[in-house]
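S.K.: Dropping a structure here in structure tokens format, bear with me for questions.
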Amino acid sequence: MSVPTSDSDSATPERTSASAHGQYIGGRVIASGDGPAWRDLFVEVFSHKQVEQPFLVPAVAEPLIVWVMSGEARVDERDPGGEWLSSRVSVGDFFLTRTPSPYEMRWEAYGDTPFQVMHLYLALPLFERVAAEMLGKAGPAPRLRDVSGGRDETLSQILALVHQELLRGGDQSPLFVQGLAQSLAVHLVRTYADDLQDRTASNALPGFKLRRAIRCMESGLHEEFSLSRLAQEVGMSEFHFSRLFKKATGLSPSQFFIKRRLAKAQQLLLETEMSIIEVGMSVGYSSPSHFAQVFRRGTGLTPSDYRRS
């Protein structure tokens, strides 16, 4: 995977530990969990500046939750060098990721309210133990669905209790924190675990979701491309659907959509008597010149030359 080449990103590793992750995020740490009470959770609360330029976020092994505690912002994410995908977030929204690959982020906060978030990393031994007990089988813990800018009232209630305990200082209860960590692990497995039979070692889009997305594309070749519609169809955020789709197919969703349009157009040109204008319109191009341009870029021939050939 390519990574940004700016000086600020050149020293950023592709993977790091939960305890070191925050130093690559930026912002000011205003609270953190440490000591025996926090054996199963690593927690940091950040106060961020209003505008953050693009930076590389290294991957971590632990499930990571980022919970918005104050302010409102537009948060952009992308694979290094890819297309930016945006989420507008406010208090109570969250991000969930357990990606093995680094990615880029940037954001812009709105208004004068400080943009503050809590980062929570769930210890892998606990997560794996809870998953094994719930699913009735040992082995690697299930992959979690990635979420960008989601809302989950149960999750927010657990995170609010974690934050309250964090602020108790020397009066923190290890037993209470451990109970919250276990509750969090149970909720993540119940709500965000992918089907184990559809996990792949490459962390690409599960087969059944890939097939569903492609069927959705093919039924709407005459319509405008909509990443949000495809992501909603498979129950994922736009950002994480896009990156896993590309891992599965080698193409971004929009590139794959265009190839499907061209394949359909080629079929219609060879197998029907439809005019070239009608073929273009049937695959979503109302402008004949635009259709001809896209067709030639993809096949090396104009539609009329392709039909004659």
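S.K.: Mind listing whichever residues of the range 293-309 are in a helix (DSSP H, G or I) and either under 13 Å from Ser275 (Cα atoms) or of a type outside the set (Gly, Ala, Ser) (or both)? Step through it out loud before you land on a result.
M.R.: Going through the range 293-309, the residues in a helix (DSSP H, G or I) turn out to be 293-299, 303-308.
Selection gives Gln293, Val294, Phe295, Arg296, Arg297, Thr299, Pro303, Ser304, Asp305, Tyr306, Arg307, Arg308.
S.K.: Please list, ordered by residue number, the strands (runs of 3 or more DSSP E) wholly in the range 86-169 having 2 or more residues that are assigned by TED's automatic domain parsing to the domain that holds Leu244, surrounded by fewer than 16 Cβ atoms within 10 Å (Cβ to Cβ) and more than 13 Å from the chain's Cα centre (by Cα).
M.R.: none
S.K.: If you scan the range 253-309, which residues turn out to be touching a residue at least 24 places away in the same chain (Cβ under 8 Å) and among the β-branched types (Val, Ile, Thr)?
M.R.: Scanning the range 253-309 gives Ile258, Ile276, Val279, Val283, Val294, Thr299.
S.K.: Scan (1) crowded, with 18+ Cβ neighbours inside 10 Å; (2) in contact (Cβ under 8 Å) with a residue 40 or more places away in the chain for the single condition Ala231 breaks and write down its number.
M.R.: (2)
S.K.: Next up: For the structure I just gave you, tell me whether Val177 is surrounded by fewer than 17 Cβ atoms within 10 Å (Cβ to Cβ), of a type in the set (A, V, I, L, M, F, W, C) and within 20 Å of Glu128 (Cβ to Cβ).
M.R.: No, not satisfied.
S.K.: Need the failing condition index for Val75 against (1) part of a loop (DSSP other than H, G, I, E, B); (2) out of contact with any helix residue (DSSP H, G or I) (no Cβ under 9 Å at 6 or more places or on another chain); (3) aliphatic (A, V, I, L, M), just the number.
M.R.: Failed condition: (1).
S.K.: Would you call Met274 outside any helix (DSSP H, G or I) and under 30 Å from Arg145 (Cα atoms)?
M.R.: no
S.K.: All but one of (1) more than 32 Å from the chain's Cα centre (by Cα); (2) under 30 Å from Asp146 (Cβ atoms); (3) among the aromatic types (Phe, Trp, Tyr) hold for Phe245; which doesn't?
M.R.: Status for Phe245: all satisfied but (1).
S.K.: Of these, Glu223, Glu218, Glu238, which one is within 16 Å of the chain's Cα centre (by Cα), more than 28 Å from Ala132 (Cβ to Cβ) and acidic (Asp, Glu)?
M.R.: From the options Glu223, Glu218, Glu238, the qualifying one is Glu238.
S.K.: Follow-up. Would you confirm, using the coordinates I've provided, whether Ser242 is of a type in the set (Gly, Ala, Ser), crowded, with 17+ Cβ neighbours inside 10 Å, outside the structural domain of Gly35 (by TED's automatic domain parsing) and in contact (Cβ under 8 Å) with a residue 12 or more places away in the chain?
M.R.: yes
S.K.: Next question. Suppose the filter is of a type in the set (Asp, Glu) and out of contact with any strand residue (DSSP E or B) (no Cβ under 6 Å at 6 or more places or on another chain); does Glu77 pass it?
M.R.: The answer is no for Glu77.
S.K.: Can you tell me which residues in the range 252-271 are in a helix (DSSP H, G or I), farther than 16 Å from Glu223 by Cα and of a type outside the set (Asp, Glu)? Working first, answer last.
M.R.: Just the residues of the range 252-271 that are in a helix (DSSP H, G or I), to begin with: 253-271.
Adding the requirement that they be farther than 16 Å from Glu223 by Cα leaves 266-271.
Listed by number, the residues that qualify are Gln266, Gln267, Leu268, Leu269, Leu270.
S.K.: Is there any pair with a first residue in the range 126-146 that is within 17 Å of Arg98 (Cβ to Cβ) and a second that is of a type in the set (S, T, N, Q) and buried (at least 21 other Cβ atoms within 10 Å of the Cβ) whose Cβ atoms are under 7 Å apart and which are 6 or more apart or on different chains, and what are they?
M.R.: Short answer, once both residue conditions are applied: Asp146/Thr97; Asp146/Ser237.
S.K.: Here is a follow-up. In the range 202-215, what residues are of a type in the set (Lys, Arg) and over 17 Å from the mean Cα position of the chain (by Cα)?
M.R.: Arg211, Arg212, Arg215
S.K.: Restricting to the range 68-85, name every residue that is within 15 Å of the chain's Cα centre (by Cα) and either closer than 26 Å to Ala141 by Cβ or among the small types (Gly, Ala, Ser) (or both).
M.R.: If the condition is that a residue be within 15 Å of the chain's Cα centre (by Cα) and either closer than 26 Å to Ala141 by Cβ or among the small types (Gly, Ala, Ser) (or both), then Glu77, Asp79, Gly82 are the ones that fit.
The values are calculated or read from the model by the stated rules, or taken from the named source; none is laboratory data. Since we're looking at a predicted model, the values are computed, not measured. Glycine also receives a Cβ, built like all others from the backbone with ideal geometry; neighbour counts cover every protein chain displayed.
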